[in-house]
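See structure below.
Each reported figure results from applying straightforward, stated rules to the coordinates on display, with no laboratory input. Please read all numbers here as calculations on a predicted model, not as lab measurements.
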Amino acid sequence: MRVFVDTNVLVSAVATRGLCADVLREVLASHDLSVSQQVLDEVRRTLRLKLGAGPDLAADFIRLLQQNAVIAQPARSPDVELRDRDDLPILSAAVAAQAHVLVTGDQELVELGSVEGVQIVSPRQFWERLKSPGLRRATRR
């Protein structure tokens, strides 16, 4: 399954040992990870400026993502109304990547449900789908 992972999930995966770290580990192990350059830039900036991560940690994590992900380029913006217009390139990149799922902690995006065939779910929803016995086999690469 192609999984586009948003900035907030990736940052949480680095910052904590919780659900987002488990989600990222599972995606890296069993699925095709997609991100965009915007997501990589946001992750780098957030790790350095908001979480105070050292340059080596931020660089190592970005390198890990670059080596293990398809870097999608946003195409045309989907026809949706969002309060945060900065999320449109994220949606556009997920659509351009032909992702099956966009995993995000952004509630406004999750409330959309899906956009142009891309299911939009929270990390918890994604994890529950992965661990569902009937879906586990169907979502493998």
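Numerical summary
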read-out: Sorted largest first, extent of the chain alpha carbons per principal axis (Å); value: 40, 34, 24
read-out: Computed over the chain: relative contact order in percent, which uses C-alpha pairs under 8 Å that are six or more apart; value: 30 percent
